[in-house]
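A short worksheet on the structure shown next.
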Amino acid sequence: MRKKITQAIKWLMGTAEYAWGGFGYDPEECIVLCLHSTPHAFLPQLEKTINWLKREFTILSPDDFERYCAGELKSGPYVLFTFDDGIRNNYAAAELLHRKGIHAYFFVVPAFVESVNPKSYYLEHIRPIVDSSFENKPVDFEALQIAELLAMRSMGHRIGSHSSTHDLAAHMTEAQTIHEIVDSKAWLAERLNAPITAFCSPNNTNFSINSFGKKLIQEHYSYHFTTFPGPQNRPMDTHLILRRNIELNWSLGQIKFALGKWDLKRWQAAIQTYKDL
């Protein structure tokens, strides 16, 4: 009941803010979207979301996003798609995006890819609580495999690291942190025969990244996608990329709330904590 009430409040607030005057984003702002599981039954919702976003934003590819970060694009506002965890049902989403001329970042967990029991790994290390009305097929609990990742790269998508195990935590030793951040990059680069320039911190960035981890990310990656919400604007810090989480089983009103500006102020302290590491 509490979940339904929360969803209803977000729907109301998102719908009201959008109806009042849109989002009011500056032409140079970029919204980086974070999605996770993309079950096949919900792909029509993804297509509807894309079609709606196209009316409000210019959708960037990873190559475009790099140009945006360099200050070369100034006629947005923009939106970029990113997908976390490397779930196998993302492959159909990647194909759908490609058919619509859209390309995204997909962040992968090597230990999940290598797991002999992917469903157990997924439930233990990535998403302990699942909604069975949303994720209920075998492909919803499996990892993208190397052949699929290579095919996604050939479509124009970009593959990044989501840490080696998804268990990255700020209390880890330096050796453990190196394994999560540096070794995951090497694992992906070797198997995909491609540079890995983007890292996405798992869970809550302030819980998963300490000062040593932050330094490693800055040394080994050009881009760090965080869990902090908010729009991007310039001057751009490519090692503190803010994102807005949405999911395919959300209503359009909930998505509008996620893209709105109602709750941004409450995240400023958390973002400043990370900046101060």
The residue from ILE126, ILE102 that alone is farther than 23 Å from PRO195 by Cα and aliphatic (A, V, I, L, M) is ILE126
Please indicate, with yes or no, whether at least one residue in region 65-87 is polar (S, T, N, Q), modelled with pLDDT of 95 or more and out of contact with any Lys or Arg (no Cβ under 7 Å at 6 or more places or on another chain). no
Test: ALA143 is touching a Phe, Trp or Tyr at 6+ places or on another chain (Cβ under 6 Å) and surrounded by 13 or more Cβ atoms within 10 Å (Cβ to Cβ)
yes
Filtering region 24-40 down to residues that are in a loop (DSSP other than H, G, I, E, B) and either in contact with an Asp or Glu (Cβ under 7 Å, 6 or more places away or on another chain) or at pLDDT 95 or above (or both) yields HIS36, SER37, THR38, PRO39
Is there a residue in region 72-91 that is buried (at least 20 other Cβ atoms within 10 Å of the Cβ), touching a helix residue (DSSP H, G or I) at 6+ places or on another chain (Cβ under 8 Å) and on the phi > 0 side of the Ramachandran plot?
yes
Note to self: Being of a type outside the set (Phe, Trp, Tyr), within 18 Å of ASP63 (Cα to Cα) and at pLDDT 95 or above is the requirement here; does HIS220 meet it?
What the structure shows: no
Filtering region 192-203 down to residues that are at pLDDT 95 or above and either surrounded by fewer than 23 Cβ atoms within 10 Å (Cβ to Cβ) or of a type outside the set (Phe, Trp, Tyr) (or both) yields LEU192, ASN193, ALA194, PRO195, ILE196, THR197, ALA198, CYS200, SER201, PRO202
Per the filter on region 118-138, residues over 19 Å from the mean Cα position of the chain (by Cα), closer than 22 Å to PHE42 by Cβ and surrounded by 17 or more Cβ atoms within 10 Å (Cβ to Cβ) are PRO118
If you go through ALA189, ALA169, the only one that is surrounded by fewer than 18 Cβ atoms within 10 Å (Cβ to Cβ), modelled with pLDDT of 95 or more and either touching a Phe, Trp or Tyr at 6+ places or on another chain (Cβ under 7 Å) or of a type in the set (D, E, K, R) (or both) is ALA169
Could you please let me know if TYR78 is touching a residue at least 40 places away in the same chain (Cβ under 8 Å), aromatic (Phe, Trp, Tyr) and under 25 Å from TYR25 (Cβ atoms)? yes
Within region 106-117, the residues that are surrounded by 15 or more Cβ atoms within 10 Å (Cβ to Cβ) and either modelled with pLDDT under 95 or part of a helix (DSSP H, G or I) (or both) are PRO110, ALA111, PHE112, VAL113
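Here's the yes/no breakdown for (1) in contact (Cβ under 8 Å) with a residue 40 or more places away in the chain; (2) among the charged types (D, E, K, R):
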| site | (1), (2) |
| --- | --- |
| ASN233 | yes, no |
| ILE246 | yes, no |
| LEU252 | yes, no |
| LEU259 | yes, no |
| ASP263 | no, yes |
| GLN268 | no, no |
| ASP276 | no, yes |
Just checking, does region 218-241 include any residue being over 28 Å from GLU29 (Cβ atoms) and more than 20 Å from the chain's Cα centre (by Cα)?
yes
How many residues of region 75-103 are closer than 22 Å to ASN233 by Cα, in contact with a Ser or Thr (Cβ under 6 Å, 6 or more places away or on another chain) and in a loop (DSSP other than H, G, I, E, B)? The answer is 2
Checked PHE199, PHE212, PHE228 against criteria (aromatic (Phe, Trp, Tyr) and closer than 16 Å to GLN272 by Cα); the one match is PHE228
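Every residue, every condition in (1) in contact with a Leu (Cβ under 6 Å, 6 or more places away or on another chain); (2) free of Cβ contacts under 8 Å to residues at least 24 places away in the same chain; (3) among the charged types (D, E, K, R); (4) farther than 25 Å from LEU80 by Cβ, yes or no:
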| site | (1), (2), (3), (4) |
| --- | --- |
| GLU135 | no, no, yes, no |
| GLU142 | no, no, yes, yes |
| MET155 | no, no, no, no |
| ALA170 | no, no, no, yes |
| LYS185 | no, no, yes, no |
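The values are calculated or read from the model by the stated rules, or taken from the named source; none is laboratory data. It should be emphasised that the depicted structure is a prediction, and the values quoted were computed from it without experimental measurement. FYI the Cβ positions are ideal-geometry reconstructions off the backbone, even for glycines, and counts take in every protein chain you see.
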